[in-house]
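Data block below; observations after.
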Amino acid sequence: LLYRMISFILLLCRFFTIAICVTDQYVLDDKVGLGRVFDGIGGLSGGGATSRLLVNYAEPYRSQILDYLFKPNFGASLHILKVEIGGDAQTTDGTEPSHMHYENDENFFRGYEWWLMKEAKKRNPNITLIGLPWAFPGWVGHGKNWPYDYPDITATYVVSWIIGAKQYHDLDINYVGIWNERNFDSKYIKLLRYTLDKSGLESVRIIASDNLWEPISLFMLLDQELRRAVDVIGAHYPGTTTVLEALKTQKKLWSSEDYSTFNNEVGGGCWARILNQNYVNGLMTATISWNLVASYYGELPFGRDGLMTAQEPWSGSYVVESPIWISAHTTQFTQPGWTYLQTVGHLAHGGSYVALTNGKGDLTVVIETMVYTQRTHDHSVCVRPPLPAFNVTSQNTTFQLKGSFASLAQLQVWRSRFNFKTQKPTFFEKLSPLKLSDGSFTLNLGEDEVYTLTSLTSGLKGSFPDPPPSAPFPTTYKDDFNVANPPFTEAPDFADQTGVFEYHINLTDPGPHVFTLRQVVTQRPVTWATDADQTISVIGNYKWENLTVSCDVFMETVKTGGVFIAARVDKGGQSVRNAKGLFYWIFSDGSYKVTNDLAGQAVLAEGPSGTRAFGWHTLTLSIKGQYATGLLNGYPLWKNAVVLGPKNGWAAIGTKSFELAQFDNFAVKAE
């Protein structure tokens, strides 16, 4: 019977092309020449306060999350960490503080990026560190929304951040960018190179322009001095392809921001395609995910776009998503400095393969067969970039090892299967070693799979005990900000959307309000997104409907100052300018206002309040159903204002404009 079955299959193979009959041949050979040097896989913290909630996690959960991201041979084992150089402005999901709010101000302990870089470096001393500005404090542009009008000031400002990283945190920044996804200025790039060199930072390399391949590559071909100044051409969301002009520069080509896709299994499939095909199609030697970890309120723009999810510090819950293990297929078995073979490419029936070596006889091969057709467009779709569709079918592949690898007797095998049909994926599973016969091995590849075959034996699927279960934000929340030596400048769980709210020690007639939270940005920044004209920081559960918000407030601007507390705030991030909710304002001219929007145009109630600057006032806002009431210092100021909508949203505090103001004894009670 077996003989008859084999004979029947062989007969079919003579007339039909079927997977069981056809084996495609691929050669892996370092003697025919090598490709480009591999620079690593990384994640981007910032570009919009995307790690904001991570710092609030209690131990051991915070360290566990960091281990999954950075610890070698454990999880994603990232080679690169790119961070935002904070500029006090909204940059996607929030603001990150500048190290220089004002021209005569320097503080290298603001924000959490310093801490994050140190934690990454602690786990991987060889990690590559990159800084890039998205926005700049207003003084850098002298009131204009353009930093290149004063290139010497801008260059000095950026270089001071690099110097401060070393002086205060012992961090060596390896690369610095220009201005995220904005037009570049050749004069500024040259001046930045000069300023770096003059400051003894010759080892810090420049990436440009963190936007498109063109026109920077064309300008570099025409300008020899510019070409000398730029070390890496970084493109964002290149769709796995490059352009001829970029290749002609003979510079390193990086996908310096990529992925930006929801981190479920579909996002994991997108990430698998990008990591291989960025090199196969575009000769890009580094790929950096936006973002590193989805650690911001999920209802903000691009919720859960990180390599993993950690957005509940109040519960301690986090989720190790599929992109962590897809990263591991490459990062745990290669290192920056390894070299791609020239023999890489596409598989005959869809998918791709890359091969890298350390030049010492070790070999790592990564294969992906991600499906994305018009019929199954959900398998590995990328939000940014929208990669083209193509067919993938099951296939037999034989790889012949030649050159330095011909004598390898076996390879370690790691496999991930997305299993979209059964909804039972398996990620980063170690299989039995694969024995080689005459330097070759054969694999039967199914759809939506990732394989790593390597001579290294160091891989590990790290794990910890399950974190606590997911839980909503507490319905009762209080913060008196009484922290004499806070580990971070931001109060826990507040997410600044315009402006910067920092811990403050009140030394001028503090009374009972010694430690407060203060809005400190007094000039509109050089923006990246569309900041609101008001400053605002949100907190809590986006699903909150009926709640009471109270806070002590202190205005520091005479006559034109104003502050608010708010409930049911429905927008943040790049959309914060259009936020609606219920906003309760008091002003230093002795008036109050209740509005249905942050812009203060949809007025529900207004009148005299007797409020003045440089005095503490207690605001209380209660909202239930369609009606709301406001108290001032414990007494009703207005009541039964009709709420037009929305029906739910965050609580918030903020100011009328970019002005100094303080907040204390914040509290929320939700039903």
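Only one entry of Tyr175, Tyr150 meets the criterion of being crowded, with 17+ Cβ neighbours inside 10 Å, touching a residue at least 24 places away in the same chain (Cβ under 8 Å) and either over 25 Å from Tyr503 (Cα atoms) or more than 17 Å from the chain's Cα centre (by Cα) (or both), and that entry is Tyr175. When segment 615-667 is filtered for residues that are within 22 Å of Tyr297 (Cα to Cα) and touching a Gly at 6+ places or on another chain (Cβ under 6 Å), the ones remaining, listed by number, are Gly649, Trp650, Ala651.
Of everything in segment 534-546, what is within 18 Å of Asp496 (Cα to Cα) and buried (at least 21 other Cβ atoms within 10 Å of the Cβ)? Give them in sequence order. Talk me through it step by step, then tell me what you get.
Residues of segment 534-546 within 18 Å of Asp496 (Cα to Cα): 534-542.
The answer is Gln534, Thr535, Ile536, Ser537, Val538, Ile539, Gly540, Asn541.
In this structure, does Ser432 turn out to be polar (S, T, N, Q) and either more than 16 Å from Ile367 (Cα to Cα) or in the same structural domain as Phe70 (by TED's automatic domain parsing) (or both)? Judged against the criteria, Ser432 is a match. All of (1) surrounded by fewer than 20 Cβ atoms within 10 Å (Cβ to Cβ); (2) within 16 Å of Val643 (Cβ to Cβ) hold for Arg612 with one exception: (2). Taking segment 92-118 as the search range and keeping residues that are among the acidic types (Asp, Glu) and buried (at least 20 other Cβ atoms within 10 Å of the Cβ), which one is farthest from Pro486 (Cα to Cα)? Going through the qualifying residues, I end up with Asp93.
Of note, Thr249 does not satisfy the criterion of being surrounded by fewer than 20 Cβ atoms within 10 Å (Cβ to Cβ), touching a Gly at 6+ places or on another chain (Cβ under 7 Å) and of a type outside the set (Asp, Glu). Residue pairs whose Cβ atoms lie under 9 Å apart, sitting 6 or more positions apart in sequence or on different chains, and linking a residue in segment 216-235 that is not assigned by TED's automatic domain parsing to the domain that holds Ala286 and modelled with pLDDT under 95 to a partner that is surrounded by 15 or more Cβ atoms within 10 Å (Cβ to Cβ) and part of a loop (DSSP other than H, G, I, E, B), do not occur here. Taking segment 430-464 only, how many residues are acidic (Asp, Glu) and in contact with an Asp or Glu (Cβ under 8 Å, 6 or more places away or on another chain)? Number satisfying all stated conditions: 1.
Kindly provide the set of residues from segment 518-533 that are part of a strand (DSSP E or B) and surrounded by fewer than 24 Cβ atoms within 10 Å (Cβ to Cβ), ordered by number. Before the answer, list the steps.
So in segment 518-533, the residues part of a strand (DSSP E or B) come out as 518-519, 526.
Arg518 - this is the single residue of segment 518-533 that is part of a strand (DSSP E or B) and surrounded by fewer than 24 Cβ atoms within 10 Å (Cβ to Cβ).
A count restricted to segment 319-348 and to residues that are over 19 Å from Pro425 (Cα atoms), among the aliphatic types (A, V, I, L, M) and not in a loop (DSSP other than H, G, I, E, B) stands at 1.
Select from segment 287-316 the residues that are more than 15 Å from the chain's Cα centre (by Cα) and closer than 16 Å to Ser45 by Cα and list them in ascending order. Walk me through it before giving the result.
Just the residues of segment 287-316 that are more than 15 Å from the chain's Cα centre (by Cα), to begin with: 299, 312-316.
Correct list: empty.
Within segment 285-296, the set of residues being touching an Asp or Glu at 6+ places or on another chain (Cβ under 9 Å) and buried (at least 24 other Cβ atoms within 10 Å of the Cβ) comprises Ala286, Thr287, Ile288, Ser289, Trp290, Asn291, Ala294, Tyr296.
Among the residues examined, Leu78 does not qualify as assigned to a helix (DSSP H, G or I) and of a type outside the set (Lys, Arg). For Glu671, indicate whether it is of a type in the set (Asp, Glu), more than 23 Å from Pro472 (Cα to Cα) and either touching a residue at least 12 places away in the same chain (Cβ under 8 Å) or assigned by TED's automatic domain parsing to the domain that holds Thr498 (or both). No; evaluated as a whole, the condition is false for this residue. For segment 547-576, residues that are crowded, with 20+ Cβ neighbours inside 10 Å, in a helix (DSSP H, G or I) and of a type outside the set (A, V, I, L, M, F, W, C) total 2. Contact map, segment 590-613: first residue free of Cβ contacts under 8 Å to residues at least 12 places away in the same chain and not assigned by TED's automatic domain parsing to the domain that holds Leu631, second residue part of a loop (DSSP other than H, G, I, E, B) and β-branched (Val, Ile, Thr), Cβ cut-off under 6 Å, separation 6 or more or different chains; the map is empty. Restrict the check to segment 518-527 and report whether at least one residue is in contact with a Lys or Arg (Cβ under 7 Å, 6 or more places away or on another chain) and assigned by TED's automatic domain parsing to the domain that holds Asp597. Scanning segment 518-527 turns up no residue that is in contact with a Lys or Arg (Cβ under 7 Å, 6 or more places away or on another chain) and assigned by TED's automatic domain parsing to the domain that holds Asp597. In this entry, Pro301 passes the filter for residues that are within 30 Å of Glu490 (Cβ to Cβ) and either at pLDDT below 95 or in a loop (DSSP other than H, G, I, E, B) (or both). Each residue in segment 432-443 was checked for being closer than 23 Å to Arg417 by Cα and surrounded by fewer than 12 Cβ atoms within 10 Å (Cβ to Cβ), and 2 pass. Within segment 182-215, being surrounded by 16 or more Cβ atoms within 10 Å (Cβ to Cβ) and either at positive phi or not assigned by TED's automatic domain parsing to the domain that holds Asp88 (or both) holds for one residue alone: Asp210. One residue alone among Ala294, Ala246 is modelled with pLDDT of 95 or more and closer than 17 Å to Arg384 by Cβ, and that residue is Ala294.
Please verify whether segment 417-428 includes one or more residues that are over 30 Å from Gly316 (Cβ atoms) and polar (S, T, N, Q). Yes; the residues of segment 417-428 include at least one that is over 30 Å from Gly316 (Cβ atoms) and polar (S, T, N, Q). Number of residues in segment 615-630 that are closer than 27 Å to Asn546 by Cβ and loosely packed, with under 14 Cβ neighbours inside 10 Å equals 4.
Entry remark, segment 577-589: residues being in a strand (DSSP E or B) and either in contact (Cβ under 8 Å) with a residue 60 or more places away in the chain or among the hydrophobic types (A, V, I, L, M, F, W, C) (or both) number 7 in total. Restricting to strands (runs of 3 or more DSSP E) lying wholly in segment 367-474: which have 2 or more residues that are of a type in the set (Lys, Arg)? So the answer is 410-417, 426-435. Among the residues examined, Leu53 qualifies as within 30 Å of Thr530 (Cβ to Cβ), modelled with pLDDT of 95 or more and aliphatic (A, V, I, L, M).
The values are calculated or read from the model by the stated rules, or taken from the named source; none is laboratory data. Note that the coordinates shown come from a computational prediction; the quantities given were computed from them, not determined experimentally. Here the Cβ is made from the backbone with ideal geometry for all residues, glycine too, and neighbour counts use every protein chain on show.
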